[in-house]
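Everything below concerns the one structure shown next.
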Amino acid sequence: MISPSLLSADFSNLKKDIEMINESSAYSFHLDIMDGVFVPNISFGFPIIDIVKKYGKKKLDVHLMIIEPDKYIEKFKNAGADILTVHYETCKHLHRTVQNIKNFGMKVGVSLNPHTSIYNLEDIIKDLDIVLIMSVNPGFGGQKFIENTYEKVKNLKNLIKNKKAKTLIEIDGGVNLKNAKKLKECGADILVAGNFIFKSKNPKNTINNLKNIFN
C-alpha cells in the first residue's frame with residue numbers, strides 16, 4: 001500500500017494534488033502533523049485536514065509528531081482521521097492512548113524514531129494495527145534514508161509473527177524505487193513517500209510504480 005505524504009504537496013494548488021491522489025492507486029493520504037516542539041518544524045493543522053477530507057476519496061492516515069497527543073484524539077476523529085498514529089516517544093501511558101484511539105473507532109498506529117527499539121512494543125504489539133518506522137529523523141521531508149531500517153523491519157516482522165499479531169509495518173522517510181523492493185522483502189506493508197512522488201514528472205505514475213513492487 002502506498003500513502004503519499006501531503007507535506008510535499010503544492011499547497012498553492014492543494015486541491016489539484018488531492019485529485020491526483022484520488023485518481024491514483026494510492027491507499028491513503030498521509031498527513032504529517034508537526035508541532036515545532038517534538039520535532040523541529042511546524043506543518044499544518046485542522047483547516048488543511050478539512051480540505052483533504054472535503055475533496056479526498058482515500059483514507060486519512062494521520063501521523064501525529066506532537067507532544068501530548070491524547071488531548072487531540074477526539075478532534076482528529078471529528079476531523080475525519082481513519083488511522084491515527086502517535087509516537088512511542090511522546091506517550092507516557094501508551095496502552096491508555098492506544099485504547100483511547102480505538103474507542104473513537106479509528107485504527108491505531110505507533111511510530112518509532114530511528115533510535116527507538118522495536119522491542120519497546122513487545123507487550124503491546126497485538127493491540128496495534130500499524131507500526132510506523134521512521135527511516136529518517138522526523139521533522140523534514142527530503143532526507144536521506146537510514147540504512148539500518150532494513151534490519152529494523154526484519155526484526156519487527158519477526159516480533160509480529162512470534163506474537164501472532166496482525167500488525168502492518170509502515171515506513172516513512174526517504175522511500176524511493178531503489179529501496180522500496182528491499183523494504184517489501186524485509187516485511188514492509190505500507191510505504192509513505194513525499195518528495196519522491198510530488199517532485200517527479202508524473203506523480204500518478206510514480207505512485208503506480210511503487211505499488212507495482214507489491215504485486
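State to the nearest 20 debye the size of the charge dipole of segment 45-90 about its Cα centre, where the only charges are +1 on K and R beta carbons and -1 on D and E beta carbons.
Values: 8 positive and 7 negative charges, 76 e Å.
Dipole about the Cα centre, nearest 20: 360 debye.
Compute the FRET efficiency between residue 41 and residue 202 as 1/(1 + (r/R0)^6), taking r as their Cβ-Cβ distance and R0 = 45 Å, and round to the nearest 0.05.
Working: r = 28 Å, r/R0 = 0.62.
Plugging the Cβ-Cβ distance into 1/(1 + (r/R0)^6) gives 0.95.
Using a 7 Å offset from Cα along Cα-Cβ at residue 89, what residues in segment 10-41 end up with backbone N under 15 Å from the label point?
Within reach of a label on residue 89: 33-41.
Tell me, rounded to the nearest percent, the portion of alpha carbon pairs in segment 2-212 spaced more than 26 Å apart. Intermediate values should be presented prior to the final figure.
Numbers: 6201 of 22155 pairs.
That tail contains 28 percent of the Cα-Cα pairs.
Going down the list 126/184; 164/199; 16/178; 57/166; 92/204; 92/126, which pairs span over 30 Å between their C-alpha atoms? Numbers along the way, then the final one.
Values: 126/184 21 Å; 164/199 39 Å; 16/178 27 Å; 57/166 26 Å; 92/204 40 Å; 92/126 19 Å.
Among 126/184; 164/199; 16/178; 57/166; 92/204; 92/126, the Cα-Cα distance tops 30 Å for 164/199; 92/204.
What is the dipole size for segment 57-181, taken about its Cα centre, with +1 at each Lys and Arg Cβ and -1 at each Asp and Glu Cβ, in debye to the nearest 20?
Values: 21 positive and 14 negative charges, 99 e Å.
I would put it at about 480 debye.
Volume per residue, Å³, of the convex hull around the alpha-carbon atoms of segment 35-148? Don't skip to the answer; put the middle values down first.
Working: hull volume 13.2 nm³, N = 114.
Enclosed volume per residue, from the Cα hull, is 115 Å³.
Enumerate the calculated ³J(HN,Hα) couplings along segment 168-184 in order (Karplus 6.51 cos²θ - 1.76 cosθ + 1.60, θ = phi - 60°), each rounded to whole Hz, writing x wherever the residue is Gly or Pro.
Computed from phi, the couplings for segment 168-184 are 8, 10, 10, 10, 9, x, x, 6, 8, 5, 6, 9, 4, 4, 5, 4, 4 Hz.
I'd like the FRET efficiency for residue 104 and residue 15, computed as 1/(1 + (r/R0)^6) with the beta carbon distance as r and R0 of 30 Å, rounded to 0.05. Walk me through the intermediate numbers first.
Numbers: r = 28 Å, r/R0 = 0.93.
Once rounded, the FRET efficiency stands at 0.60.
Whole angstrom only: what separates the Cα centroid of segment 1-46 from the Cα centroid of segment 89-146?
Using only Cα atoms, the two centres lie 19 Å from each other.
Values in this text are rule-based calculations from the coordinates and carry no lab data. The structure presented is a predicted model; accordingly, all values stated were derived computationally and were not measured. Note: ideal-geometry Cβ built from the backbone for every residue, glycine included; neighbour counts use all protein chains shown.
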